[in-house]
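Have a look at the structure below, then the notes.
What follows draws every value from the coordinates through simple rules; no lab data is involved. This structure is a prediction, so every number in the text was calculated from the model and none was measured. With ideal geometry, Cβ positions are generated from the backbone for all residues, glycine too; neighbour counts draw on all protein chains shown.
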Amino acid sequence: MESFQISLTDWQKALQELSESYKIYAAVNNGNSIDYEVVNNDNLKDIIYNTPKPATPLKSFFLPAKENVVINKKFHKKNIIIGIPSCDLAGVGLLDEIYLDKDFVDPYYKNARDNSILIGTDCLTTQQHCHCTSYGVNPYPEKNNDLSLISLNGAILIFLNTAKGADIVVRIKEIATVREISSENIKAVQDKREAVKKQLKSRNSKLPDYKETGKLVKKSKESVWEKYAKTCVSCGACATICPTCTCFLLIDRPEFEKVRQLDACQYPGFEKTAGGEDPLKKKFVRFRNRYMCKYVWKPEKFESIACTGCGRCIESCIGSINKNELFIELANKK
């Protein structure tokens, strides 16, 4: 794996040059939150590095909330997406298994993936509900990214991971002064990674791991779901903001327009049939259904995990439902 470091000034200059050939998105601090924005000269200095996490999950670049799937979407410029946390990169593994299945490739998803260069970043700090390590995901990029970077001591450390990322490295080297990563920075990275992992593991020490959670959910009783579903308002925020939830509707419209629209199992009527039957009519049953899907059914079908520990569902819940508290309660009742 090729690696090198450049100055932050040279990195910003490289982004300016690259923006002529690519559409660049980066995690930017907009004052109220961190989210992806198109990079321009005005927000270069607002780009956030090594800080969890963009409010929008990475899946939104490949599975928009709405898209017409009977017209060919053209990319005038390829996307470069900077600042992707490892929880979102892990989520792409499941999306790829679903939408790039060799027998059922989704051409719209594939087109978006092929035209995107993913640049992951370390999380050198944590947020209250981060729990990636509980599910075997480290807080630094390990897969599903073309390049990864770390901002450290006034330098940008860059790691090349795929052939797709090689073209970007060539361009960077034409623009910037490239140096070997110093031994001090290598050690600093290792120390910071271990410190973040230790913090996450300590904070979430009572949380069962992914496999154990599946067992607990599968054998759980109705009472615990009724208890936690009381404040649920069926808004679907937990599913729509999740990096791995991808249920959708196909809506036919005039002029041969077919729209794929993201759906959520928490919406009333999600499984209602034309005959009026609805196996998820009761709110607590719908509530439990999402966790059965993520921790029981998807592990039976896919290799990738269906929850990557980002914590967005907890943060977005209008009813202040904390799934981790639910799982800890299930573990304590064993």
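With the cut-off at 30 Å, tell me which of the pairs LYS77/LYS187; LYS110/LYS192; LYS218/LYS282; LYS74/LYS294; LYS218/LYS272; LYS282/LYS334 have Cα atoms farther apart than that.
Table pairs above 30 Å Cα-Cα are LYS77/LYS187; LYS110/LYS192; LYS74/LYS294.
Given the rule -39500 (n - 2.57) for each run of at least 4 DSSP H residues, summed and divided by the residues of the chain, what is its mean residue ellipticity at 222 nm, to the nearest 500 deg cm²/dmol?
-10500 deg cm²/dmol
Sticking with the crude label model, points 7 Å out along Cα→Cβ, report the distance from GLU67 to LYS219 in nm, one decimal please.
4.2
Through the Karplus equation 6.51 cos²θ - 1.76 cosθ + 1.60, θ set to phi - 60°, convert the phi angles of segment 55-60 into ³J(HN,Hα) values in whole Hz; use x for Gly and Pro.
With the stated coefficients, segment 55-60 comes to 4, 8, x, 4, 4, 5 Hz.
Would you mind counting up the charge near VAL224? Only other residues with Cβ under 12 Å from its Cβ, with Lys and Arg at +1 and Asp and Glu at -1.
+3
When Lys and Arg each count +1 and Asp and Glu each count -1, what net charge do the other residues less than 9 Å away from PHE248, Cβ to Cβ, add up to?
Computed value for this residue: 0.
What are the residues whose amide H is under 5 Å from the amide H of LYS78, where those residues sit 5 or more places off or on another chain and H is modelled from the backbone?
LYS23
List the residues, sorted by chain then number, that are 5 or more residues from ILE34 or on another chain and whose placed amide H is less than 5 Å from its amide H.
For ILE34, the qualifying residues are ALA55.
Rank by packing, highest mean first: peptides 200-211, 135-146, 241-252, with packing defined as the count of other Cβ atoms within 10 Å averaged across residues.
Highest to lowest by the protection proxy: 135-146, 241-252, 200-211.
Taking just the alpha-carbon atoms of segment 210-332, what radius of gyration and Dmax come out, in angstrom?
15.3, 56
For the chain, what is the percent of antiparallel DSSP beta bridges, rounded to the nearest 5?
Here the share of antiparallel DSSP bridges comes out near 70 percent.
Give me the distance in nm between label points sitting 7 Å out from Cα along the Cα-to-Cβ direction at ASP252 and VAL178, one decimal.
5.4
Once you have all Cα-Cα distances for the chain, histogram them in 20 Å bins from zero and send the whole-percent values.
Per 20 Å bin, starting at zero, the Cα-Cα P(r) for the chain comes out as 29, 56, 15, 0 percent.
In what sequence, highest mean first, do 34-43, 258-267 appear when ranked by Cβ atoms within 10 angstrom?
Going from most to least packed, we get 258-267, 34-43.
Please enumerate, by chain and number, the aspartates and glutamates with C-alpha under 17 Å from the C-alpha of LYS230, excluding those fewer than 8 residues away in the same chain.
Within reach: GLU222, GLU325, GLU329.
Each residue of segment 80-94 in turn: what ³J(HN,Hα) in whole Hz from Karplus with 6.51, -1.76, 1.60 and θ = phi - 60°, glycine and Pro shown as x?
10, 10, 10, x, 7, x, 5, 5, 6, 5, 5, x, 4, x, 5
Describe numerically, in nm with one decimal, the distance between label points set 7 Å from Cα along Cα→Cβ at ASP114 and at GLU2.
Reported label-point gap for ASP114 and GLU2 is 2.4 nm.
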